[in-house]
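Here's the structure we're looking at; comments come further down.
The values are calculated or read from the model by the stated rules, or taken from the named source; none is laboratory data. Because the structure is a prediction, the values reported are computed rather than measured. Ideal geometry is used to build each Cβ from the backbone, glycine not excepted, and the neighbour counts take in all protein chains shown. Please note that ligands, DNA and RNA were not included when accessible areas were found on the heavy atoms of the full protein model with its side chains. Shrake-Rupley method; radii C 1.70, N 1.55, O 1.52, S 1.80 Å.
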Amino acid sequence: IIYKLHPGEFIDWKSRYPQLVNSKIRVIDTPDINLYMLFSESIAQVGVYSTALFEGFGYSLRTFVLSHGEIEHVQALIDDGDAILVTQAEEILQGIANKQCGQASMEKYWEADAYLKTKTFLSQLIQEDM
């Protein structure tokens, strides 16, 4: 299990989350480790209301939302079955083992060939300005 901290948590995470200090969970507390690299090595993601949940769909990650905080921002993911709402770690383990996890198709949230389309659009804007 890898826990990537929000950059605002880097400084004081050991006092805020003392249970993680000597656990078997790998805590990422530096900006040097890329989130997308972590996604590429993972099979599932757990989040609360981060936009990273949507980014994880680009890596076909099984998705769980922890019932904590402001989940209304991602309620549509749960309603559509793209993410599973959980309250305990055991639910995540069971969901992965039983393949009962949310998993959205990349195309549902991401435009195909987005980079190329953006590049073309910007090139056209530049040409129009000249």
Residues of the range 53-71 that turn out to be assigned to a helix (DSSP H, G or I), touching a residue at least 40 places away in the same chain (Cβ under 8 Å) and surrounded by fewer than 21 Cβ atoms within 10 Å (Cβ to Cβ), as a count: 1
Any hit, the range 94-104, residues being in contact (Cβ under 8 Å) with a residue 12 or more places away in the chain and of a type in the set (V, I, T): yes
Residue in the range 36-59 that is closer than 16 Å to H6 by Cβ, over 12 Å from the mean Cα position of the chain (by Cα) and of a type outside the set (D, E, K, R) present: no
Residue selected from the range 95-123 under the condition closer than 14 Å to I43 by Cα and modelled with pLDDT of 85 or more, by the criterion farthest from the chain's Cα centre (by Cα): A97
Total residues in the range 112-130, condition among the charged types (D, E, K, R) and assigned to a loop (DSSP other than H, G, I, E, B): 1
Extreme residue, farthest from L93 (Cα to Cα), among residues of the range 14-41 that are open to solvent by less than 40 Å² (accessible area, probe 1.4 Å) and touching a strand residue (DSSP E or B) at 6+ places or on another chain (Cβ under 7 Å): I28
Scope the range 42-52; condition part of a loop (DSSP other than H, G, I, E, B), among the hydrophobic types (A, V, I, L, M, F, W, C) and surrounded by 13 or more Cβ atoms within 10 Å (Cβ to Cβ); matching residues: V48
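Here's the yes/no breakdown for (1) of a type in the set (D, E, K, R); (2) in contact with a Phe, Trp or Tyr (Cβ under 8 Å, 6 or more places away or on another chain); (3) closer than 20 Å to E55 by Cβ; (4) surrounded by 12 or more Cβ atoms within 10 Å (Cβ to Cβ):
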residue	(1), (2), (3), (4)
E91	yes, yes, no, yes
I96	no, no, yes, yes
W110	no, yes, yes, yes
T118	no, no, yes, no
F121	no, no, no, no
